[in-house]
Amino acid sequence: MFAARLKQARELRGIASQRALGVLMGLDKKLASSRVNRYETEVSGIDLDGLGRLAEVLGVPMAYLVAEDEETAEAILCLGDMSGKERAQAMELLRKLKK
């Protein structure tokens, strides 16, 4: 799921190439494309620092990139786009639905 979400987020943010994303993450230009390609093809994993840089560059919460399913990923994006007050209201509603 991580690899597919990474590629989707990169494309949605208009970052045309793996190299461009890698450079935005602070990777060396010579290594940027191959490193991001390894993430997108699940050849290599990523550590928490790298995941944090990816999320920051892509403008998404880290949890979105590693969510277990699409519904959870979508909920994370929605919550991330809300104000603190809206998030509190959404959480209150979720707690009521859970009962």
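The values are calculated or read from the model by the stated rules, or taken from the named source; none is laboratory data. Quick caveat: nothing in here was measured; it's all calculated off a predicted structure. Here the Cβ is made from the backbone with ideal geometry for all residues, glycine too, and neighbour counts use every protein chain on show.
The residues listed here are 96, 85, 29; of these, the one that is surrounded by fewer than 15 Cβ atoms within 10 Å (Cβ to Cβ), closer than 27 Å to residue 19 by Cβ, of a type in the set (Lys, Arg) and free of Cβ contacts under 8 Å to residues at least 24 places away in the same chain is 29. Selection within region 37-56: residues that are acidic (Asp, Glu) and not in a helix (DSSP H, G or I). The member of this set that is surrounded by the most Cβ atoms within 10 Å (Cβ to Cβ) is 42.
Can you name the residue in region 1-34 that is basic (Lys, Arg) and over 16 Å from the mean Cα position of the chain (by Cα) and, of all such residues, is farthest from residue 55 (Cα to Cα)?
Here is the first cut: in region 1-34, the ones basic (Lys, Arg) are 5, 7, 10, 13, 19, 29-30.
Now restrict to residues that are over 16 Å from the mean Cα position of the chain (by Cα): 19, 29-30.
On the way: 19: 16, 29: 19, 30: 22 Å.
For region 1-34, the residue satisfying everything is 30.
Cβ-Cβ contacts under 9 Å between residues 6 or more apart (or on different chains), taken from a first residue in region 62-78 that is more than 16 Å from residue 12 (Cα to Cα) to a second residue that is of a type in the set (S, T, N, Q) and in a helix (DSSP H, G or I), are listed as 63/72. Screening 89, 18 for residues that are under 14 Å from residue 6 (Cβ atoms), out of contact with any strand residue (DSSP E or B) (no Cβ under 7 Å at 6 or more places or on another chain) and modelled with pLDDT of 95 or more leaves exactly one candidate, 18. Summed over region 9-26, the residues that are under 20 Å from residue 70 (Cβ atoms) and surrounded by 13 or more Cβ atoms within 10 Å (Cβ to Cβ) give a count of 3. Taken over region 63-79, the criterion of being in a helix (DSSP H, G or I) and either hydroxyl-bearing (Ser, Thr, Tyr) or surrounded by 14 or more Cβ atoms within 10 Å (Cβ to Cβ) (or both) is satisfied by 63, 64, 65, 66, 72, 73, 75, 76, 77, 79. Just one residue in the set 94, 31, 27 is over 15 Å from residue 2 (Cα atoms) and not in a helix (DSSP H, G or I); that residue is 27.
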